[in-house]
1. Would you mind computing, in nm to one decimal, how far apart the modelled labels at Lys181 and Ala134 are, each placed 7 Å from Cα along Cα→Cβ?
2. Could you pull out every residue, at least 5 positions away or on a different chain, whose amide H is within less than 5 Å of the one on Thr142? Hs are placed 1.01 Å off N in the peptide plane, and Pro or chain starts have none.
3. What nm value, rounded to one decimal, do you get for the distance between Thr45 and Trp165 when each label is placed 7 Å out toward the C-beta?
4. For the peptides 160-171, 23-34, what is the packing order when you average, over each peptide's residues, the other Cβ atoms within 10 Å and list the highest mean first?
5. Report, to the nearest whole %, how much of the accessible area of region 15-172 belongs to carbon and sulfur atoms, 1.4 Å probe, protein only.
6. Any idea of the accessible area per residue across region 2-71, 1.4 Å probe, to the nearest Å²?
7. Name the long-range amide H neighbours of Gly25: under 5 Å, sequence gap of 5 or more, or other chain; modelled H, no Pro or chain starts.
8. Quick one: if the Förster radius is 35 Å, what FRET efficiency do Arg60 and Asp117 give, using the C-beta to C-beta distance and rounding to 0.05?
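The values are calculated or read from the model by the stated rules, or taken from the named source; none is laboratory data. Quantities reported herein were computed from a predicted structural model and do not represent experimental measurements. Virtual Cβ from ideal backbone geometry, glycine too; neighbours counted across all protein chains shown. Quick note on the areas: whole protein, heavy atoms, side chains included, nothing else; ligands and nucleic acids left out. Shrake-Rupley method; radii C 1.70, N 1.55, O 1.52, S 1.80 Å.
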Amino acid sequence: MKRRQISPAALPAIGQPFAGGFYAGRIYFDGAEFALIDAGREFETAAHWWDHEGPRPRIRGATHRFDGMANTKAMAEEGSAIARKVLGMNVRGSWGWHIPSIEELNVMRGNLLQLPDWNHRGSGQRMEAAQAFALSEYWSSTQKENAATAWCMHMLPWCVPDSNWVSGCKGIRPVKVFQIKAEAFVHEPASAAPAVDRADLSGLPASPAVAAVLGQWI
């Protein structure tokens, strides 16, 4: 799948407006690095991961730990109403949104919750922060392998991924990614040592004084 590529120089600080949402950080998968964008609190909703009656599904194409777009498309193909809704969303004039994978949720938890507009440590602060995660727990698009459950996460600084039955109702926070241009990372190896001027010593052996000293040792 071809993705739009951007230069790392175009990326703002974490939490700043970018590409119709808010820049949440970098994530690496499929041999490339991506910029992750959070749609923000205005576009989050509560929904069932799977809203159909009958057996809970095991969607083989929705087990990616990193690629949330691939998961969301697989969910939509199987009939998920929330996946189809998110894929068709227009957020502040921009398209290309999906339900975050579990690792995309991890990036959001690790980066965005450090910022005042996202941070909350209790129910009072949770509602006051402009972009705070207003719901207690959020679905990822990543289904657990060989099980009719999916990964989810409480968006609090100290929380870790958990899994639950896909029939449950939890928060959905749309995101999207842009691939960062790979050639921007090709450079000479870095060194912490201070730069020094290198003297040209190519003519040194021809010096009579040096030749005299060398003659004592040869």
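1. Taking the two extended label points, one gets 3.9 nm.
2. Placed amide hydrogens put Ile102, Trp151 under 5 Å from Thr142.
3. Between Thr45 and Trp165, the simple spin-label model gives 2.4 nm.
4. 23-34, 160-171
5. Ligands and nucleic acids excluded, carbon and sulfur reach 48 percent.
6. Accessible area per residue: 53 Å².
7. Distant-sequence amide H within range of Gly25: Leu36.
8. It comes out at approximately 0.40.
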